[in-house]
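Input: a single structure, listed below in structure tokens.
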Amino acid sequence: MALSEDLLNILVCPVCREPMDLVWEGKGLKCRVCKRVYPIQDDVPIMLRDAAKVEE
Ligand SMILES: [Zn+2]
């Protein structure tokens, strides 16, 4: 099951509080501002600064 639009709309980057977009074919959430990508494991976004990778 994919993340719902509603959930996506309320998720924000924990670092800068900005909205995020799905990346990695639904396996990651990328912040529009700081470019961190948070992994999604078993449909659960891992919203931890230390779990994120910065991507250009
Ligand atoms: Zn951010």
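Throughout, read-outs are computed from the coordinates displayed, never taken from laboratory work. These figures come from a predicted structure and were not determined experimentally. Glycine gets a Cβ as well: all are built from the backbone with ideal geometry, and neighbour counts include every protein chain shown.
Ellipticity at 222 nm from helices only: DSSP H runs of n ≥ 4 in the chain, each -39500 (n - 2.57), divided by the residue count, give -2500 deg cm²/dmol.
For segment 6-23, backbone phi angles converted through the Karplus equation (6.51, -1.76, 1.60; θ = phi - 60°) give residue-by-residue couplings of 4, 5, 4, 5, 9, 6, 10, 4, x, 8, 10, 6, 10, x, 10, 10, 6, 9 Hz, Gly and Pro being listed as x.
How charged is the neighbourhood of C31? Take every other residue with its Cβ under 9 Å from the Cβ of C31, and add Lys/Arg as +1 and Asp/Glu as -1. Result for the neighbourhood of C31: +2.
Taking the square roots of 5 times each eigenvalue of the Cα gyration tensor of the chain, largest first, gives ellipsoid semi-axes of 16, 12, 10 Å. Note on D43 and E5: the extension gain reaches 12.4 nm, defined as 0.36 nm multiplied by sequence separation minus the Cα-Cα distance. Distances between placed amide hydrogens fall under 5 Å for R36 paired with C31, E55, all partners being 5 or more residues away or on another chain.
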